[in-house]
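A.B. asks: Before I ask anything, let me first share the structure, which is written out below as structure tokens.
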Amino acid sequence: MATMATPEHALNTSGDNDPVWVHREPYSNRPRFPKLTKDTQTEVCVIGSGIAGVSTAYELVSRGVPVALIEARDVVSGESGRTSGHLSNALDASYTELASKHGESGSKVAAESHTWALKRVGEISQRLRLDCEYRTIPDYEISQYERGDPKHDEEMTVLQEDVKKAKELGVPASYEEGYAIKGWDGLPDQRDVAIFKEQATFHPTMYITGVLRWLAKQPNFACYTRTRMVSIEEKGFLSTAVKITTLDGHTITCKDAVEATCIPLQKLSVVAQLEYLRTYCIAVRVPKNSIEDCLINDQAVPYKYVRFTACDDENDYLVIGGCDHKVGQEQETGRFAELESWVRARFTKAGSVDYRWSGQILDSTDLMAFIGLNQGKSHTYIVTGDTGHGLTMGVLAGKLIADEIQGVGNPWSKAYSPNRLPPASSVPGMLAHDLQINSQYKRFLQSDIADIEDLAPRTGGVIHPTTKAPVAVYKDDDGKVHRLSALCPHLQGVVCWNNVEKSWDCPVHGSRFSKDGICVMGPAKAGLAPMEEASEKDQKRASRA
């Protein structure tokens, strides 16, 4: 399991720990593209090379539309490269819950669109002959409690209701009492399952890079990496063009732009309607065919989930994830140990843990993603709020946005629109969420460490001198101290040290930075400034906070 030895590693991925996907598809295998070195024009500019950006580019290019795709770092360096790899229409929010917030029509859109997306990956994999482990499998929804516990029965009753609702929406599902998952030979007895059939799984980075290689051969596609967008603006009233400016000062002028950046580069609006969470994964060796090839999800909050990917001739990797928490607001210690204990208690053939990593998910307050024209815009589209299903969401976003750009009616548009009004039932939660994240500005009055001498090698912390702006301090392997401004460039939140991924994470709106200050997650559009470059403006803002 590699670690972030140099700043170069932050161009490949957004954490110190590598995900299991590099086992079969190392960073060195990913396609390379040039940096943008001059102003250019295109019909559509897509920002972001994850599943949403690449899917949008594929749908448009396949229809003959000229597309330029830009990426701030290297391709697939964001959260699509750190996912747990689920392709499922068994959503985190039950169909019963979705119907209560968005009505029957909204829950039907969720079912239809995610079903389309998981099948679309299979179609494209076959069409492009991609080696990406795509296959259809069942998803088992189980109770977090053992049989005999009254809470087990309560959760299974809820699952039976969701199965009924799913079937009404056309999702093949059933309930089976006493079902035992093959290979679950440990002591916890959590039999009884809601079965969602015709789910899928794949190797996400092999799929995305395979589509990128196909795109690279098309005459109406261009891709530029290490090309960071710092501004996006529509020119004039009733604009007919979008101007994108990069960190190096070059511009891309286009008719339409798509921010497929996990989260758009803007101050608030939809940004304030998202909850930012870290989620954890481990990959454990298990003998081939010793455990049923399936997806497993329990009903805990946060829940734990299981799936498989290839390892070698003798073993597969069992990927187990969960233990979510808000970005920058809790210590990460112990999450991997909890996941390992959970899996070993249930699957006694589990072997070595070869990979440990974390990723980021964005839950929307009303449980539906935001896909479509950005608020107040005429030609700028966004994709955000994955709500735990970023892979299928990214694929369906490709079709939805391509349709909207081309003026093709799509029955999903209204439900996913970034301009929709939140349901009344979501308002109290939105207000509580807003208060909670704004309370994180209390960090202006706090220090993580009293003295730099308190830091062990490969750790960091924020020091806040009483008369100056807070300083993010990192001590490397050799004991050398590195100082950065601790103020997130987005809305001046004070970052926190993430000791698992060796990164600086903002607890306000989830922006993240490598230990060297490189921005690896928005909505911030720039990195943390070295202290000698920290502006007087930041210092003044800190003194006023």
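The values are calculated or read from the model by the stated rules, or taken from the named source; none is laboratory data. Keep in mind that this is a model prediction, so the values were computed, not measured. Here Cβ is always computed from backbone atoms with ideal geometry, including for glycine, and neighbour counts include all displayed protein chains. Accessible surface is based on the protein model in full, side chains and every heavy atom, while ligands, DNA and RNA are left aside. Shrake-Rupley method; radii C 1.70, N 1.55, O 1.52, S 1.80 Å.
A.B. asks: Could you rank the peptides 350-359, 471-480, 389-398 by their average count of other C-beta atoms within 10 Å per residue, with the highest value first?
C.D. replies: 389-398, 350-359, 471-480
A.B. asks: Something else: From the square roots a ≥ b ≥ c of the eigenvalues of the alpha-carbon gyration tensor of segment 444-517, which class results: rounded (a/c under 1.5), prolate (a/b over b/c), or oblate?
C.D. replies: oblate
A.B. asks: Could you please put 244, 405 in sequence from largest to smallest accessible area, using a 1.4 Å probe?
C.D. replies: 405, 244
A.B. asks: Next question. Let me see the pair-distance distribution of segment 138-187: every alpha carbon pair, 10 Å bin width, integer percents in order.
C.D. replies: Reading the bins upward from 0: 22, 51, 24, 3.
A.B. asks: Kindly report, to the nearest 10 Å², the accessible surface of residue 231 as traced by a 1.4 Å probe over protein heavy atoms only.
C.D. replies: The accessible area comes out at roughly 40 Å².
A.B. asks: Pop a pseudo-label 7 angstrom from the Cα along the beta-carbon direction at both residue 126 and residue 41 and give the gap in nm to one decimal.
C.D. replies: The answer from the label model is 4.1 nm.
A.B. asks: While we're on this one: Quick check: the distance between the Cα centres of segment 67-116 and segment 21-64, to the nearest angstrom?
C.D. replies: Spelled out, the Cα-based centre of one part sits 19 Å from the other.
A.B. asks: Then there's this: To the nearest 0.05, what FRET efficiency results for residue 197 and residue 288 with a Förster distance of 25 Å applied to their C-beta separation?
C.D. replies: Once rounded, the FRET efficiency stands at 0.60.
A.B. asks: Would you report the distance distribution of C-alpha pairs in segment 211-290 as whole percents per 10 angstrom bin, up to the bin with the largest distance?
C.D. replies: With a bin width of 10 Å, the distribution comes to 12, 29, 29, 18, 8, 3, 0.
A.B. asks: While we're on this one: Could you sort the peptides 77-85, 271-279 by per-residue average Cβ neighbour count (10 Å cutoff), highest mean leading?
C.D. replies: Listed from highest to lowest mean packing, they are 77-85, 271-279.
A.B. asks: Can you send over the solvent-accessible area of residue 123, 1.4 Å probe, protein chains only, in Å² to the nearest 10?
C.D. replies: 90 Å²
A.B. asks: Based on the alpha-carbon gyration tensor of the chain and its eigenvalue square roots a ≥ b ≥ c, which shape applies: rounded if a/c is under 1.5, prolate if not and a/b is larger than b/c, or oblate?
C.D. replies: rounded
A.B. asks: How much accessible area per residue does the chain have, in Å², with a 1.4 Å probe?
C.D. replies: 39 Å²
A.B. asks: What is the calculated FRET efficiency for residue 176 to residue 310, with r their C-beta to C-beta distance and R₀ = 22 Å, to the nearest 0.05?
C.D. replies: So the FRET efficiency works out to roughly 0.20.
A.B. asks: Same structure, new question: Need the full-extension length gain, residue 480 to residue 116, defined as separation in residues times 0.36 nm minus the C-alpha distance. One decimal, nm.
C.D. replies: Here the segment from residue 480 to residue 116 would lengthen by 125.9 nm.
A.B. asks: So, in nm, how far is label residue 408 from label residue 151 when the simple model puts each one 7 Å beyond its Cα toward the Cβ?
C.D. replies: 4.7 nm
A.B. asks: According to a simple spin-label model (label point 7 Å from Cα along Cα-to-Cβ), what is the distance in nm between residue 28 and residue 213?
C.D. replies: Placing both labels 7 Å beyond Cα along the Cβ direction yields 1.7 nm.
A.B. asks: Work out, step by step, the length gained on full extension between residue 499 and residue 135: first 0.36 nm times the residue separation, then minus their alpha carbon distance; give nm to one decimal.
C.D. replies: 127.5 nm
A.B. asks: Quick one: length gained pulling residue 338 to residue 445 fully straight, 0.36 nm per residue minus the C-alpha distance?
C.D. replies: Between residue 338 and residue 445, full extension yields an extra 35.3 nm.
A.B. asks: Additional query: Counting only protein chains, not ligands or nucleic acids, how are 145, 305 ordered by accessible area (probe 1.4 Å), most first?
C.D. replies: 145, 305
A.B. asks: Summarise the accessible area of the chain (1.4 Å probe, protein heavy atoms) by the percent that is carbon and sulfur.
C.D. replies: 51 percent
A.B. asks: Could you order the peptides 342-349, 127-134, 45-52 from most to least packed, using the average number of other C-beta atoms within 10 Å per residue?
C.D. replies: 45-52, 342-349, 127-134
A.B. asks: Once you list every other residue whose beta carbon is under 12 Å from the beta carbon of residue 345, what net charge do they have if Lys and Arg are +1 and Asp and Glu are -1?
C.D. replies: Within the 12 Å Cβ shell, the charges total -2.
A.B. asks: Below 8 Å between Cα atoms, with a sequence gap of 6+, how large is the relative contact order for the chain in percent?
C.D. replies: 18 percent
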